[in-house]
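Notes to accompany the following structure.
The values are calculated or read from the model by the stated rules, or taken from the named source; none is laboratory data. All of these numbers come straight from a predicted model, not from anything done at the bench. With ideal geometry, Cβ positions are generated from the backbone for all residues, glycine too; neighbour counts draw on all protein chains shown. Areas reflect the complete protein model, heavy atoms only, side chains present, ligands, DNA and RNA absent. Shrake-Rupley method; radii C 1.70, N 1.55, O 1.52, S 1.80 Å.
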Amino acid sequence: MKRSLAGRIWPNATAIVLAIGFVFPVYWMFNTAFKPTGDIISDVPVWFPLHGTLQHFATAVGAPDFWTLAGNSLLVTALAVGLSLLIALCAAFALTRMRFKGRKATLLVFMVAQMAPWEVMVISIYMIVRDADMLNSLVPLTAFYMLMVLPFTLLTLRGYVAAVPKELEESAMVDGCSRRQAFTKVVFPLLAPGLMATSLFGFITAWNEFPLVLVLNKEPAKGTLPLWLSQFQSQFGDDWGATMAAASIFAVPILVLFLFLQRKAVGGLTSGAVKG
């Protein structure tokens, strides 16, 4: 009994310590964002501010081009994730349900693309966009974000499509449905967890991306929030409250989306990883 109890205590204690280590920086960011300036610069840490303030958030939101860049980030991320889901869903269905020459080679290309770091191609991408005279435009940024998200989306959705039995489609077609109707009415509703999982992690990838926008979009009004956040400290000097408020604003959409989709995301990633 003692060994059994000890065997449960140590893993749980380790998990708690690790959770605190991961959560504490996020807590301290939000904590600092709500603290009055006097508490932030105090020599004694204020763990739980008794008198919070929204002044730092007002300073962050009132920064130049904030709303423009927030709109740019939402537009680019939504388009990139939406396009990648559409293309990956069609490709995953074809790679799973059909047999054609070059099928394995196509999968290998997407796996290599998933493993390759995009940072090493920043110079090449810049030269392509420059020669096309499309610098400081959201169009190439959206296209390259979509290409960044696409390999992971395809590989995950392929496993999820493979988990749906072919017999369901065949039964629907026997009952009079076309192949398109069998997919939209039978298969597609079963793919909801996989679509949520891939959209979540695709959103995180595109929302947080920094090197490409730094190189391609140098005009202040043509950037995204990661670029705004990187320049925030230089704009306001050592205003740590406003800086932490800006970081909190940037993190909120991801936290809200993750909390909303976390169950579906875990299920979708697990199915996509072990099947197919």
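Could you state the number of Å between the C-alpha centres of region 87-149 and region 202-221?
Cα centres, region 202-221 to region 87-149: 16 Å.
How would ASP131, ASP239, ASP43 rank on accessible area, largest to smallest, probe 1.4 Å?
Working: ASP131 115, ASP239 45, ASP43 155 Å².
Listed by decreasing accessible area, they come as ASP43, ASP131, ASP239.
Among all helices in the chain defined by DSSP H, which have a length of 27 Å or more along the axis from Cα atoms plus a Kyte-Doolittle mean of at least -0.5? Spell out each step's value before the answer.
On the way: long enough: 2-34 (45 Å, 0.81); 66-97 (46 Å, 1.70); 138-162 (35 Å, 1.58); 240-274 (44 Å, 1.39).
Length and hydropathy pass: 2-34, 66-97, 138-162, 240-274.
Starting from the coordinates of the alpha-carbon atoms of region 142-199, obtain the Kirkwood hydrodynamic radius over all distinct pairs and give the value in Å to one decimal. All intermediate terms of the calculation are to be shown ahead of the outcome.
Values: mean 1/r = 0.0799 Å⁻¹.
Over region 142-199, the inverse of the mean reciprocal pair distance is 12.5 Å.
So how much slack lies between ILE9 and PHE258, counting 0.36 nm per residue of separation and subtracting their Cα-Cα distance, in nm? Show your work: numbers first, answer last.
On the way: separation 249, 0.36 × 249 = 89.64 nm, distance 2.88 nm.
Working it through step by step, the gained length comes to 86.8 nm.
Between ALA192 and MET127, how many nm apart are label points set 7 Å from Cα along the C-beta direction?
Distance between label points: 4.8 nm.
Largest first, how would ILE87, ILE125 line up by accessible area (1.4 Å probe)?
Values: ILE87 80, ILE125 10 Å².
The residues order as ILE87, ILE125, largest area first.
Between THR106 and GLU119, what is 0.36 nm times their sequence separation minus the Cα-Cα distance? Round to one decimal in nm. Can you show the working numbers first?
On the way: separation 13, 0.36 × 13 = 4.68 nm, distance 2.29 nm.
Extra length from THR106 to GLU119 when fully extended: 2.4 nm.
At 222 nm, what helix-only mean residue ellipticity would the chain give, in deg cm²/dmol to the nearest 500, using -39500 (n - 2.57) for each DSSP H run of four or more?
Details: 13 runs with 207 residues, N = 276.
Per the formula, -25000 deg cm²/dmol.
Per residue, how much accessible area does the chain show when a 1.4 Å probe rolls over the protein heavy atoms, in square angstrom? Don't skip to the end; give the middle numbers.
Working: 15960 Å² over 276 residues.
Here the residues of the chain average 58 Å² of exposed surface.
Rounded to a whole number, what % of the accessible area of region 1-144 do carbon and sulfur atoms account for, probe 1.4 Å?
Numbers: 7130 of 9660 Å².
Its accessible area is 74 percent carbon and sulfur atoms.
Which order do ILE254, ILE41 take by accessible area at a 1.4 Å probe, largest first? Show your work: numbers first, answer last.
Numbers: ILE254 30, ILE41 125 Å².
Final ranking, largest accessible area leading: ILE41, ILE254.
If the cut-off is 16 Å between C-alpha atoms, which aspartates and glutamates fall inside it for LYS185, apart from same-chain ones fewer than 8 positions away?
By straight Cα distance, LYS185 reaches GLU167, GLU169, GLU170, ASP175.
Could you work out how much longer the chain between PHE24 and MET173 gets when fully extended? Use 0.36 nm per residue separation minus the Cα distance between them, nm to one decimal.
On the way: separation 149, 0.36 × 149 = 53.64 nm, distance 5.37 nm.
Extending this stretch completely gives an extra 48.3 nm.
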